[in-house]
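Below is one structure, written out as structure tokens; the observations come after it.
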Amino acid sequence: MKTIISVIISYILLVIVGTLFFGTVIMLYQAATAFVVGTPLTLFSFRGMMNGMLVFFPVGSLFIPMFLFLMLIRHSRQSKIAGIITVAVISLLTWTFAVPASFEIAKAQNVFSEKKARRLSPGFFREIDNAVYYFTSVDSRGYASGIEIKENDVSSHVYSLEKVHLFYDKQIGNSDTKKDFADPIIGNGLEVPVMLKHSMRLLGFIEEKAFESWNQGYFSWLMFISMIAAFIAVSGLIECSVWRLVNAFYVIIVTILILVINCLAFNNIFDSLIFRLTNVFPFLERFSNYVFVALNIFFVLVLTFVGILSAGLKATSKE
């Protein structure tokens, strides 16, 4: 009973602290990406905070089993079986009820809708693609007039006065590499670390697929939750070694591996392999859209076998 209460309290703290912290981070990031130099900057807003929490909650829920398993590894005296069962029940309840509820609220608040492009302000030099622009005026439609200075053909970031010309009533957007930012000045000034950028894209892609699956109906949502079953099955690694640090390392690495492989499956990376298999086994064609489910079932079976084997070896060593 002590283990069950401990897991539940840890879950509640993880959800509250994680959602509040990362919701604030997302709010600040969205404020930075939406900011246009020369306009008032609003860092905190209640709506922005709520939107950040709604964006983070489904992604954060993916890692709840991993963190709870790490807690079980840390506290070795707690009942592992009771802890694993509690984590499994909490995770499944979260993805059956709480995450769909968060999607409902997010949909009502238009959290995942495409943001409108903001109008750039005049009076600033902006580097966009291979040119520098100075807007003397920008109308309500977003069309600007001003000066354009193009890069020298020989050396980048070297500008020649011979390539300066005026433009009128022209719509100029952000560069493709900085399209997340409303203003190129902010986009060029803020360099997001490569690892963080790829991690954000990976998690954003998973959340997008989760939202799509939920919108497509109960069956698609049930198929998506197979990934959560794979995360729960990682519990088979919490006692596979006598060293707790090694067990923690295994849990983290395998959780990330499951996430990455599911992303690859969602991106149709395995299409060529599926095509070959369906040529040999035609009956598999009806399941070709759910290859990630087969992969998750494979993870569940392998990790469960590892867990049973580890428990058996541990029991034998005590005799």
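All of (1) assigned to a loop (DSSP other than H, G, I, E, B); (2) touching a residue at least 40 places away in the same chain (Cβ under 8 Å) hold for residue 96 with one exception: (1). Taking the listed residues 3, 39, the one that is out of contact with any Phe, Trp or Tyr (no Cβ under 8 Å at 6 or more places or on another chain), surrounded by 19 or more Cβ atoms within 10 Å (Cβ to Cβ) and more than 17 Å from residue 92 (Cβ to Cβ) is 3, with no other qualifying. Restricting 260, 242, 194, 234 to those that are surrounded by 13 or more Cβ atoms within 10 Å (Cβ to Cβ) and at pLDDT 75 or above reduces the list to 234. Taking the criterion of being assigned to a helix (DSSP H, G or I) and within 22 Å of residue 244 (Cβ to Cβ), the residues of the stretch 78-89 that qualify are 80, 81, 82, 83, 84, 85, 86, 87, 88. For residue 249, the test of being at pLDDT 90 or above and open to solvent by 50 Å² or more (accessible area, probe 1.4 Å) is passed. Under the condition of being under 20 Å from the mean Cα position of the chain (by Cα) and touching a residue at least 40 places away in the same chain (Cβ under 8 Å), the residues counted in the stretch 12-59 number 14.
Filtered by the rule that a residue be at pLDDT 75 or above and surrounded by fewer than 16 Cβ atoms within 10 Å (Cβ to Cβ), the stretch 106-118 gives 107, 108, 109, 110.
In this entry, residue 89 is excluded by the filter for residues that are farther than 21 Å from residue 8 by Cα, more than 21 Å from the chain's Cα centre (by Cα) and open to solvent by less than 80 Å² (accessible area, probe 1.4 Å).
Checked against (1) surrounded by fewer than 19 Cβ atoms within 10 Å (Cβ to Cβ); (2) within 28 Å of residue 218 (Cβ to Cβ), residue 95 meets all criteria but (1).
The values are calculated or read from the model by the stated rules, or taken from the named source; none is laboratory data. The structure presented is a predicted model; accordingly, all values stated were derived computationally and were not measured. Ideal geometry is used to build each Cβ from the backbone, glycine not excepted, and the neighbour counts take in all protein chains shown. Remember, those area values only see protein heavy atoms, side chains included, never the ligands or the DNA or RNA. Shrake-Rupley method; radii C 1.70, N 1.55, O 1.52, S 1.80 Å.
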